[in-house]
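The values are calculated or read from the model by the stated rules, or taken from the named source; none is laboratory data. For clarity, every value in this text was computed on a predicted model and none was experimentally measured. Cβ sites come from the backbone with ideal geometry, for glycine too, and all protein chains shown count toward neighbours.
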Amino acid sequence: MMKKVLLFTLLIYPLLIIGQNNTKLAQTPPMGWNSWNKFGCDVSEKLIMEMADALVSSGMKDAGYEYVVIDDCWQVARDADGNIVPDKERFPSGMKALADYIHSKGLKFGLYSCAGTGTCQNRPGSYSYEEKDAKQYAEWGVDYLKYDWCNTEGLDPKVVYPKMSNALKATGRPIIFSMCEFGLSSPWYWAPGVAHLWRTTGDIQDCWDCKHDWGGKGWVLILDEQEGLEKFAGPGHWNDPDMLEVGNGKLTIKEYEAHFSFWCLLAAPLMAGNDIRNMSDTIKNILTNTQAIAVNQDAAGIQGSKILDEGSFEVWRKQLKGGDIAIILFNRGEKSIDIDIKWQKLGLGKSFSTRDLWKKADLGKTTGYTGQLEGHSVLFYRLKK
């Protein structure tokens, strides 16, 4: 009997530890940078190293950004043994050396693959190579895997995503697993325990409310699709409304502030997607607003939700650990509007010590807000009783 217990312990205990290591990941929404929104397929070793350097020198690392993720187009083939082969012209030193460089900066390294036979840019996908790829990623030192959903005709996401999830866990290396199947199968119902985060919508675009036939859309339309999903998010399992477009040039500063504010309130992963080597101080100040980021990273892990909808004017709230409340007053219309709103009528309480998170200023005791709100902008407050 003792031998059977010992054998069980030797076989099962390491798997339990692996599972625990992975379930302890992403206790707050992951923060980092991803190459796709700005650079698409134009990725290289040089670019990624420069982005890692900039993440440190810009103050973004100190603000909490830690993952440097290469999206599609780093891979070109499989060798005779089925191993994934990086583009040797663009990544001459190899992925292990690149990971080592990123780790030397106190950052973490992320890669992209796809659940189908090919990626969205028709590079080799991981379908039927899950264990081999996971093992390779772990040997390279990968800390984060974004796993897309292209070239998947006839496949069931509820089957193929757990395959990669289990393969990653079996490596023994803690790797964040980011599912990207665009919310097509309502992953919030089944993905907790499979992935640490899952996309809820199509691809974000650097616009207010544009919409493309292929599925891309502006961040305001993506925001609307988050309603009702708040109950599925929490430590270790997050709804992902896609990466940030802040700083990519097609929105105003007020619109970027609004975009960032909502991703903080939604407890969304904060994955910057701009060229952080050359961003303006204004964009840097948005991305490194530690008071807004504190709302995103709040330990309670509650996703914010809408509590008032009056057409162009909305109010959203997020309960924070310790009793504070984060609140957004949102004007989605183009013209300024006059507001006269009381906290008590919103069901929040009569009065609060109020902090303006964009002005970074204490407003004293307030019972609500009376005044104008510019078009396409927000007021982002932290309320303390």
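I'd like the full set of residues that are surrounded by 13 or more Cβ atoms within 10 Å (Cβ to Cβ) and over 18 Å from LYS306 (Cα atoms), limited to segment 337-351.
ILE337, SER351
Here are the criteria: (1) of a type in the set (Lys, Arg); (2) surrounded by 14 or more Cβ atoms within 10 Å (Cβ to Cβ); (3) out of contact with any Pro (no Cβ under 6 Å at 6 or more places or on another chain). Tell me which single one ARG78 does not satisfy.
Tallying (1) of a type in the set (Lys, Arg); (2) surrounded by 14 or more Cβ atoms within 10 Å (Cβ to Cβ); (3) out of contact with any Pro (no Cβ under 6 Å at 6 or more places or on another chain), ARG78 fails exactly one: (3).
Which of (1) crowded, with 16+ Cβ neighbours inside 10 Å; (2) closer than 24 Å to THR28 by Cβ; (3) over 20 Å from the mean Cα position of the chain (by Cα) does GLY172 not meet, given it meets every other one?
Failing condition for GLY172: (1).
Taking the stated definitions as given, is LEU98 under 18 Å from MET164 (Cα atoms) and modelled with pLDDT of 95 or more?
It is false that LEU98 is under 18 Å from MET164 (Cα atoms) and modelled with pLDDT of 95 or more.
Suppose we filter segment 225-258 for residues that are within 12 Å of ASP206 (Cα to Cα) and among the aromatic types (Phe, Trp, Tyr); how many remain?
Result for segment 225-258: 1.
Looking only at residues in segment 235-249 that are crowded, with 24+ Cβ neighbours inside 10 Å and touching a Gly at 6+ places or on another chain (Cβ under 7 Å), which one is nearest to CYS180 (Cα to Cα)?
Per the stated criteria, the residue is MET243.
Is segment 312-323 home to any residue that is of a type outside the set (Asp, Glu), closer than 21 Å to THR288 by Cα and touching a Phe, Trp or Tyr at 6+ places or on another chain (Cβ under 9 Å)?
There is no residue in segment 312-323 that is of a type outside the set (Asp, Glu), closer than 21 Å to THR288 by Cα and touching a Phe, Trp or Tyr at 6+ places or on another chain (Cβ under 9 Å).
Where the second residue is surrounded by 17 or more Cβ atoms within 10 Å (Cβ to Cβ) and among the small types (Gly, Ala, Ser) and the first is free of Cβ contacts under 8 Å to residues at least 40 places away in the same chain and lies in segment 332-356, which pairs have Cβ atoms under 6 Å and are six or more apart or on separate chains?
ILE341/GLY368; LYS342/GLY368
Could you please let me know if GLU314 is among the acidic types (Asp, Glu), touching a Ser or Thr at 6+ places or on another chain (Cβ under 8 Å) and surrounded by 12 or more Cβ atoms within 10 Å (Cβ to Cβ)?
no
Can GLN226 be described as at pLDDT 95 or above, polar (S, T, N, Q), assigned by TED's automatic domain parsing to the domain that holds MET60 and in a helix (DSSP H, G or I)?
No: the conditions fail for GLN226.
Among the candidates TYR112, TYR101, single out the residue that is more than 30 Å from ALA299 (Cβ to Cβ) and aromatic (Phe, Trp, Tyr).
TYR101
Checking ALA267 against (1) touching a Lys or Arg at 6+ places or on another chain (Cβ under 8 Å); (2) surrounded by fewer than 22 Cβ atoms within 10 Å (Cβ to Cβ); (3) in contact (Cβ under 8 Å) with a residue 12 or more places away in the chain, which single condition isn't satisfied?
For ALA267, the failing item is (2).
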